[in-house]
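Engineer: Before I ask anything, here is the structure I am working with.
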Amino acid sequence: MSDLLGRLRGRGWRMTAQRRVVAEVLDGEHVHLTADEVLARATARLPEISRATVYNTLGELVSLGEVAEVSTDGRAKRYDPNAHRPHHHLVCSRCGAIRDVHPEGDPLTALPAAERYGFAVDAVEVTYRGVCPDCARA
């Protein structure tokens with residue numbers, strides 16, 4: 001689990017009913033929902049929640065660093081609640097399904113100093129691409 005709700009409580013984030021629903025929808029492992037998917041799931045739990053509230057809450061969670069925006073191949077942005085656990089993504093090139101992966105080793109050390117061109121590299125984003133089992137069967 002991403003423990004998003006626990007992290008937000010620990011920060012003293014004001015937990016309105018609407019914010020709680022958005023956080024609950026996002027909480028979990030391998031969660032990479034679009035804003036519209038978050039809205040649909042939040043509306044199923046709390047019918048009176050507005051699109052603006054969902055989008056504003058997502059923006060605030062990203063600004064706080066509690067949720068990361070993930071973009072792959074020009075598709076809609078997705079929201080990843082596992083912002084505090086370093087990981088990479090495995091993306092299906094057919095359906096766009098995304099899974100978190102945790103390979104061994106530090107990808108920063110894989111980039112030789114000569115290839116850094118003087119940059120002070122502090123983050124790495126790795127995306128593995130392939131075909132998921134469901135698409136492979138289809």
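Engineer: Out of all the residues in segment 94-117, which are at pLDDT below 90 and assigned to a loop (DSSP other than H, G, I, E, B)?
Structural biologist: Selection gives C95, G96, A97, H102, P103, E104, G105, D106, L111, P112, R116.
Engineer: I would also like to ask the following. Considering (1) of a type in the set (A, V, I, L, M, F, W, C); (2) within 18 Å of D36 (Cα to Cα); (3) in a loop (DSSP other than H, G, I, E, B), say which one A120 fails and leave the rest.
Structural biologist: It fails just one condition, (2).
Engineer: Give the number of residues within segment 23-40 that are open to solvent by 40 Å² or more (accessible area, probe 1.4 Å), on the phi < 0 side of the Ramachandran plot and under 16 Å from the mean Cα position of the chain (by Cα).
Structural biologist: Going residue by residue through segment 23-40, those that are open to solvent by 40 Å² or more (accessible area, probe 1.4 Å) are 24, 29-30, 36-37, 40.
Adding the requirement that they be on the phi < 0 side of the Ramachandran plot leaves 24, 29, 36-37, 40.
So of that shortlist, the ones also under 16 Å from the mean Cα position of the chain (by Cα) come out as 24, 29, 36-37.
Residues meeting the conditions: 4.
Engineer: Suppose we filter G59, G28 for residues that are part of a loop (DSSP other than H, G, I, E, B) and under 23 Å from G96 (Cα atoms); which single one remains?
Structural biologist: On the way: G59 fails: part of a loop (DSSP other than H, G, I, E, B).
Sole residue among the options that is part of a loop (DSSP other than H, G, I, E, B) and under 23 Å from G96 (Cα atoms): G28.
Engineer: Tell me whether segment 112-129 contains one or more residues that are open to solvent by 20 Å² or more (accessible area, probe 1.4 Å), touching a strand residue (DSSP E or B) at 6+ places or on another chain (Cβ under 7 Å), within 30 Å of G12 (Cα to Cα) and touching a residue at least 40 places away in the same chain (Cβ under 8 Å). Let's see the steps before the verdict.
Structural biologist: In the first step, residues of segment 112-129 are kept if they are open to solvent by 20 Å² or more (accessible area, probe 1.4 Å); the result is 112-129.
The next check asks that each one be touching a strand residue (DSSP E or B) at 6+ places or on another chain (Cβ under 7 Å); those that pass are 126-129.
Of the ones still in play, those that are also within 30 Å of G12 (Cα to Cα) are none.
No, that holds for no residue.
Engineer: Within the group R20, R51, R7, which residue is over 14 Å from the mean Cα position of the chain (by Cα) and closer than 10 Å to P81 by Cβ? Before you say what the answer is, go through the steps one by one.
Structural biologist: On the way: R20 fails: closer than 10 Å to P81 by Cβ; R51 fails: closer than 10 Å to P81 by Cβ.
It is R7.
Here is a yes/no grid of residues against (1) within 11 Å of the chain's Cα centre (by Cα); (2) touching a residue at least 24 places away in the same chain (Cβ under 8 Å); (3) open to solvent by less than 60 Å² (accessible area, probe 1.4 Å):
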{"position": "A44", "(1), (2), (3)": "no, no, no"}
{"position": "G59", "(1), (2), (3)": "no, no, yes"}
{"position": "V62", "(1), (2), (3)": "yes, no, yes"}
{"position": "A68", "(1), (2), (3)": "yes, no, yes"}
{"position": "H84", "(1), (2), (3)": "yes, yes, no"}
{"position": "D106", "(1), (2), (3)": "no, no, no"}
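Engineer: Within segment 1-22, restricting attention to residues that are in contact (Cβ under 8 Å) with a residue 12 or more places away in the chain and among the polar types (S, T, N, Q), which residue is surrounded by the most Cβ atoms within 10 Å (Cβ to Cβ)?
Structural biologist: In this case the residue turns out to be S2.
Engineer: So which residues in segment 62-93 are out of contact with any helix residue (DSSP H, G or I) (no Cβ under 9 Å at 6 or more places or on another chain), assigned to a strand (DSSP E or B) and under 20 Å from V22 (Cα atoms)?
Structural biologist: Within segment 62-93, just V70 meets the criteria.
Engineer: So, E48, is that one surrounded by fewer than 14 Cβ atoms within 10 Å (Cβ to Cβ), among the charged types (D, E, K, R), modelled with pLDDT of 95 or more and part of a loop (DSSP other than H, G, I, E, B) or not? If you could, list the steps in order and put the result at the bottom.
Structural biologist: Values: surrounded by fewer than 14 Cβ atoms within 10 Å (Cβ to Cβ): yes; among the charged types (D, E, K, R): yes; modelled with pLDDT of 95 or more: yes; part of a loop (DSSP other than H, G, I, E, B): yes.
So E48 passes the test.
The values are calculated or read from the model by the stated rules, or taken from the named source; none is laboratory data. Remember, predicted model here, so these are calculated numbers, not experimental data. Every residue, glycine among them, receives a Cβ derived from its backbone with ideal geometry; neighbour counts consider all protein chains shown. Only protein heavy atoms, including side chains, enter the accessible area calculation; ligands, DNA and RNA are left aside. Shrake-Rupley method; radii C 1.70, N 1.55, O 1.52, S 1.80 Å.
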